[in-house]
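Working notes, beginning with the structure itself.
The values are calculated or read from the model by the stated rules, or taken from the named source; none is laboratory data. Here the structure is a predicted model, which is why all the values come from computation and not from measurement. Cβ placement follows ideal geometry from the backbone for every residue including glycine, while neighbour counts extend to all protein chains displayed. To get the accessible areas, we keep the full protein, side chains included, count just its heavy atoms, and leave off ligands, DNA and RNA. Shrake-Rupley method; radii C 1.70, N 1.55, O 1.52, S 1.80 Å.
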Amino acid sequence: MADKHPYLDKFLSEGGPAPTDKEYLTLLLSYCSKLSPEAAADELLKVYGSFSAIADADSKLLANTIGSVDAAVLFRLISRLSTLYVTEENGVLRLKSSKDAKLYFSGIFTCAATEKMVIAAADRTFRITSARTLYSDSPLMLKAVCRDIADFVVTSKTDRVFLAHNHPIGSATPSAEDIMSTQKIIAALSKLGTALIDHIIIGKNGAYSMRDRKVCPQLDEQPSYGYK
Amino acid sequence: MADRPVHSGHRQRMKQRFLNYPPEFMYDHELFELALFYARPVVNTNNSAHALLKSCGSVSGVLSSDISKLEKIDGIGRNSAVFLKILSEGVMRFLAKGCEDMVLDTFDSIRSFFTEYFSDADSELMCIAVVDASMALVNTVCLPYSDVISGAIGHRELAELLIMRRAFRILIGVYHPLGCGFPQSDDFGITHSVSELCSTLGIELVDSVVCCKTSAYSMRSSGAFSFGR
């Protein structure tokens, strides 16, 4: 443990950036069990040359380099937390309610003159991880859209998605065709073990949540995972 | 014989899960639960992780908080607060590389990216950069060049890490700190080997860039290698 580590004083008294990469690595690795921090820091810097490269190394290969799963987990944590830090600092929304979703998709369709459909993948905390436009200008055949949706779901490895489309010159209220398409898309998604959380429609004068209004029974039967 | 505790092996299982699956499969509180294992070797850290996020509001909130705030959070204490600050310093050092939000859609941007990526390194390295359909950088992985050349990191390992990173389109960068910025026979060998592997896996290899301290050489822009597409 780093309780009495010589570099801890420098870290605490002079600030985080004060220790060199070697000193910082030694301090960090002192929290890993069954490891000589100095020797492991030397070995990692010899192989990778810099702290950034170490934190960007493949975890399994890094674990083999110094024989420590603890260290590999620690560097992967730094890499993952960095991604989340940047994402959050850039103001990414979590769509935890129909209100959030309507706000998010209203932004996407601002100034859109033609009809578009967008699918967005969310992680388990409803953070949007990726989104794709399924069609623009002219709607494709639904079968082709389902194929694109399946492609998106598989490549983004998600188990929950949002759909949204716009009515550039009409109200946000869904047409019978919108509801029927939603039912068919839900059926296609269920084969992939993926839930449709909500289908948002952005009209000329407002936004509409199909989950909120309970206009599609199949959508109501989908798991909500706490979405309100 | 004494009963094994119900949660025996929980920490090892969590660590293995974190290493074996894409990192986004873990909740934010699980990341801090995992982090606190290092500062609190025995106790259950799940509740403390929840308390951290509740008190600081988000991952970035935890990483930006100072020690005096963190140590007052229920179940954290001085040791954990200091460790979290050390961890957040690692995040800041990693981010200082400044490669987020890059779009590598021109030869100049590709060369600049790899030059910046390798700027603080003193060892021979190979970087695989995964990009999406619009050439926006998705993620990177850094490998010791000597291990790739020697075969210690073979096709199997490369395939595994490409698939784990969901790569459909990649660029590779090779760095020789003492090199002259022109590819050597080993660089062509690596490019050929990765190209063959990518072809098998249905991954597009966009470019292979050889860098030294002062310059970067794109094999695609110079026509030094046939990339197929």
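Flag: A:I78 matches the condition of being β-branched (V, I, T), within 9 Å of another protein chain (Cβ to nearest Cβ) and in contact (Cβ under 8 Å) with a residue 12 or more places away in the chain.
The residues listed here are B:F18, B:F32, B:F37; of these, the one that is within 24 Å of A:L27 (Cα to Cα), buried (at least 19 other Cβ atoms within 10 Å of the Cβ) and at pLDDT below 90 is B:F18. Of the residues making up the stretch A:156-175, those that are closer than 16 Å to A:E115 by Cβ and either free of Cβ contacts under 8 Å to residues at least 24 places away in the same chain or out of contact with any Cys (no Cβ under 9 Å at 6 or more places or on another chain) (or both) number 12.
Tell me, please, whether a residue that is under 17 Å from the mean Cα position of the chain (by Cα), farther than 22 Å from B:L19 by Cα and free of Cβ contacts under 8 Å to residues at least 40 places away in the same chain can be found in the stretch B:127-135. For the stretch B:127-135, residues under 17 Å from the mean Cα position of the chain (by Cα), farther than 22 Å from B:L19 by Cα and free of Cβ contacts under 8 Å to residues at least 40 places away in the same chain: present.
I'm checking my understanding of the structure. Among residues of the stretch B:187-226 that are in contact with a Leu (Cβ under 7 Å, 6 or more places away or on another chain) and farther than 19 Å from B:F114 by Cα, which one is most open to solvent (accessible area, probe 1.4 Å)? The selected residue is B:L201.
Contact map, the stretch B:162-181: residues that are surrounded by 19 or more Cβ atoms within 10 Å (Cβ to Cβ) paired with residues that are charged (D, E, K, R) and not in a loop (DSSP other than H, G, I, E, B), Cβ distance under 6 Å, separation 6+ or inter-chain. Pairs shown: B:L171/B:D207; B:V174/B:D187. Residues of the stretch B:80-124 that are among the polar types (S, T, N, Q), at the interface with chain A (Cβ under 8 Å from one of its Cβ atoms) and closer than 20 Å to B:D187 by Cα: B:S123 alone. Inspect the stretch B:40-52 for any residue being at the interface with chain A (Cβ under 9 Å from one of its Cβ atoms) and modelled with pLDDT of 90 or more and give the result as yes or no. Checking the stretch B:40-52: not a single residue is at the interface with chain A (Cβ under 9 Å from one of its Cβ atoms) and modelled with pLDDT of 90 or more. Can you pull out the residues in the stretch B:57-79 that are within 11 Å of chain A (Cβ to nearest Cβ), touching a helix residue (DSSP H, G or I) at 6+ places or on another chain (Cβ under 6 Å) and open to solvent by less than 20 Å² (accessible area, probe 1.4 Å)? Once the filter is applied, which keeps residues that are within 11 Å of chain A (Cβ to nearest Cβ), touching a helix residue (DSSP H, G or I) at 6+ places or on another chain (Cβ under 6 Å) and open to solvent by less than 20 Å² (accessible area, probe 1.4 Å), the stretch B:57-79 yields B:V59, B:S60, B:V62, B:L63.
Within the stretch B:25-46, identify whether any single residue is of a type outside the set (A, V, I, L, M) and more than 27 Å from the chain's Cα centre (by Cα), and answer yes or no. Looking through the stretch B:25-46, at least one residue is of a type outside the set (A, V, I, L, M) and more than 27 Å from the chain's Cα centre (by Cα).
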